[in-house]
Amino acid sequence: MGKDELLLELKQVLLREVPNAVQKIKLNQGDKVCYISLLGNEYEPVLGLITLGIESYRNKMIEESGTDNKWYLWNSGEMPAKYQTGFEDQDQTFQQKQETLVSLFGNEKWEEFWEDCQTIRFEVAKKLNAYNWSDIIPISDDFVVYSDWESIDVSNGDLVKSVPQEKIEILLEKSLI
């Protein structure tokens, strides 16, 4: 199986299973989700972790630091670990296919390989942004799904790659990007 075929299969699994994974994360009474972060990393370049951004936590961050430090506001690692989940329980073959992808293609031209994996996350996030998430989880009025990685640069437009323009405009109005 080639890289493109593996990536397409992984993309299809993500589109089908991310909503199911998100539903398994236990929210506190009154929690609203302001984002879903799809984190890729060196070892799990397609998807390593799903994190829910909780509006009340983000509001506390804004109260403490304002909205100038965009990296801080969008750093999914700032959310409590109880709002994170791996993907290995959703589809038993996903992790195996991702490991196969990395072992077969991850050693050649890493930047190109990473870009291919990111492109899949961008595409998945864009499609997931079109879902009616309010039927699945309680969401804020500025809710988005985005592709996340260690060196994401929100201030320089990295969210635009995975978030539709109409949602970008809402985030801009609130000084969140």
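The values are calculated or read from the model by the stated rules, or taken from the named source; none is laboratory data. All values reported here derive from a predicted model rather than from experimental measurement. Positions of Cβ are generated from backbone atoms using ideal geometry, with glycine treated the same way; all protein chains shown enter the neighbour counts. Each accessible area value is taken on the protein alone, full model and side chains, heavy atoms only, with ligands, DNA and RNA left out. Shrake-Rupley method; radii C 1.70, N 1.55, O 1.52, S 1.80 Å.
A few points about this structure:
- Within segment 145-161, residues that are free of Cβ contacts under 8 Å to residues at least 60 places away in the same chain have Cβ atoms under 7 Å from residues that are open to solvent by less than 60 Å² (accessible area, probe 1.4 Å) and in a helix (DSSP H, G or I) in these pairs: Val160/Ile168; Lys161/Phe122, counting only partners at least 6 apart in sequence or on another chain.
- Candidates Phe94, Phe122: the one that is aromatic (Phe, Trp, Tyr), part of a helix (DSSP H, G or I) and within 14 Å of the chain's Cα centre (by Cα) is Phe122.
- Cβ-Cβ under 7 Å pairs, at least 6 apart or on other chains, segment 41-67 side touching a residue at least 12 places away in the same chain (Cβ under 8 Å), far side open to solvent by 60 Å² or more (accessible area, probe 1.4 Å): Asn41/Glu150; Glu55/Lys32; Met61/Glu78
- From the options Tyr131, Tyr146, residue that is closer than 16 Å to Ser37 by Cβ and in contact with a Pro (Cβ under 8 Å, 6 or more places away or on another chain): Tyr131
- Output for segment 68-83, where each listed residue is free of Cβ contacts under 8 Å to residues at least 60 places away in the same chain and of a type in the set (Ser, Thr, Tyr): Tyr72, Tyr83
- So Glu42, is it in a loop (DSSP other than H, G, I, E, B), open to solvent by 60 Å² or more (accessible area, probe 1.4 Å) and touching a Phe, Trp or Tyr at 6+ places or on another chain (Cβ under 8 Å): no
- Total residues in segment 47-87 satisfying the condition of being outside any helix (DSSP H, G or I), β-branched (Val, Ile, Thr) and modelled with pLDDT of 95 or more: the figure is 3.
- For segment 46-64, a residue qualifies if it is in contact with a Leu (Cβ under 8 Å, 6 or more places away or on another chain) and either within 29 Å of Asn107 (Cα to Cα) or not β-branched (Val, Ile, Thr) (or both), and the qualifying residues are Val46, Leu47, Gly48, Leu49, Ile50, Thr51, Leu52, Arg58, Met61.
- Meets criteria (of a type outside the set (Asp, Glu), under 21 Å from Lys161 (Cα atoms) and free of Cβ contacts under 8 Å to residues at least 12 places away in the same chain) for Asn132: yes
- Within segment 84-129, the only residue that satisfies the criterion of being without any contact (Cβ under 8 Å) to a residue 40 or more places away in the chain, under 16 Å from Asn20 (Cβ atoms) and open to solvent by less than 30 Å² (accessible area, probe 1.4 Å) is Gly86.
- For Glu108, the conditions (1) among the charged types (D, E, K, R); (2) in contact with a Lys or Arg (Cβ under 8 Å, 6 or more places away or on another chain); (3) part of a loop (DSSP other than H, G, I, E, B) all hold with the exception of (2).
- Of all residues in segment 140-177, exactly one satisfies the criterion of being within 13 Å of the chain's Cα centre (by Cα) and exposed (fewer than 12 other Cβ atoms within 10 Å of the Cβ), namely Glu150.
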